[in-house]
Amino acid sequence: MILRAEWTKLHTVRSTAWLALATVTTTAGLGAAASALTTGGDLAKASLSGVYCGQAVVVVLAVLAMTNEYASGLVCTTLACAPRRTRVLIAKAVTVTATAAGAGLFGVAGSLVAARVLLRDEGFTATAGPTLRAAAGTVLYLGLIALLSLGIATVLRHTAPALTTVLGLLYLFPLFGQLISDERWHARIERYAPMSAGLAVQATTNLGDLPVGPWTGLGVLAAYTGAALLLGAALFITRDA
């Protein structure tokens, strides 16, 4: 009942459909553009690089799913109808994650179809094991980004601070890494920053040279996500709406 209510709330808002579509088109479109410009190197990672921008749309979708309720006062009605707040947050997390991962799945599939056409002469194979792992990992990555965004939005409750925090957490660490000349610090940022570590799952070549392994890196992102959700849940349960 609660899950159905959360699904209805999210998907009766016009912006949800547009943001889901933007996730698909941004991920697939920029992935196709990267494939067209790629010669050699990690072809699978290049074909999936549209997620660097596509994830920003997922962040917006997930943040608005929570902060819009506070902005409109709908959260009071929600909690009056469903007083068990833990269930409300779980239902919202399932709904947001399913929407983000579903859009990500179509975006990733579009990226691979484009790469199969554009990188045929480079020997790209969309059904190769490492490529499929990178594709599946990218979808999981977007699901974790949605949950991370939802957790931070639950903590902050306002759209602008939540968006600033999540986007800063994702994009500023890699930017600092590019500005730091010390290789040790650069490697640490690659290993522990949520976006850099999480997107290691896209790598299919020279895995031994990576600062963090593909699944380990995704685990780092999952740790950030878990911490944000736990803090968000604690505050959602204990403080006034």
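Only the coordinates and a few stated rules stand behind these numbers; no lab work does. Everything quoted here is computed from the prediction, not taken from an experiment. As a convention, Cβ positions derive from the backbone with ideal geometry for all residues, glycine included, and neighbour counts pool all protein chains shown.
To the nearest 0.05, what FRET efficiency results for Asp209 and Thr86 with a Förster distance of 51 Å applied to their C-beta separation?
E(calc), rounded to 0.05, equals 0.75.
In terms of packing, defined here as the mean over residues of other Cβ atoms within 10 angstrom, the peptides 218-226, 41-49 line up highest first as 41-49, 218-226. Label separation (Asp182 vs Val13): 4.2 nm, computed from points 7 Å beyond Cα along the C-beta direction.
The mean of 1/r over all distinct Cα pairs in segment 144-186, once inverted, gives the Kirkwood hydrodynamic radius of 11.5 Å. Measure nothing fancy, just the Cα-based angle from helix 214-238's long axis to the longest principal axis of the chain, in degrees from 0 to 90, nearest 10. In the chain, helix 214-238 runs at an angle near 10 degrees to the longest axis. Distance distribution note for segment 6-126: the fraction of Cα pairs above 24 angstrom is 39%. A Cβ-based charge dipole, computed about the Cα centre of the chain with Lys and Arg at +1 and Asp and Glu at -1, lands at about 780 debye. Karplus-derived 3J(HN,Hα) values for segment 11-24, using 6.51 cos²θ - 1.76 cosθ + 1.60 with θ = phi - 60°, are 9, 9, 8, 4, 5, 4, 4, 5, 5, 5, 5, 5, 4, 5 Hz; glycine and proline are entered as x. For Ile237, the shell of other residues with beta-carbons less than 13 Å away shows a net charge of +3, using +1 for Lys and Arg and -1 for Asp and Glu. Using the average count of surrounding beta-carbon atoms within 10 Å as a protection proxy, the listed peptides 138-147, 10-19 rank, highest first, as 138-147, 10-19.
Phi angles of segment 66-77 translate, via the Karplus equation with coefficients 6.51, -1.76, 1.60 and θ = phi - 60°, into HN-Hα couplings of 9, 5, 4, 5, 6, 5, 8, x, 5, 4, 5, 5 Hz per residue; Gly and Pro are given as x. Relative contact order for segment 140-193: 25 percent, from Cα pairs under 8 Å spaced at least 6 residues apart, divided by residue count.
Phi-derived couplings, Karplus 6.51 cos²θ - 1.76 cosθ + 1.60 at θ = phi - 60°, listed residue by residue for segment 86-102: 4, 5, 4, 5, 5, 5, 5, 5, 4, 5, 5, 5, 4, 5, 5, 5, x Hz, with x used for Gly and Pro.
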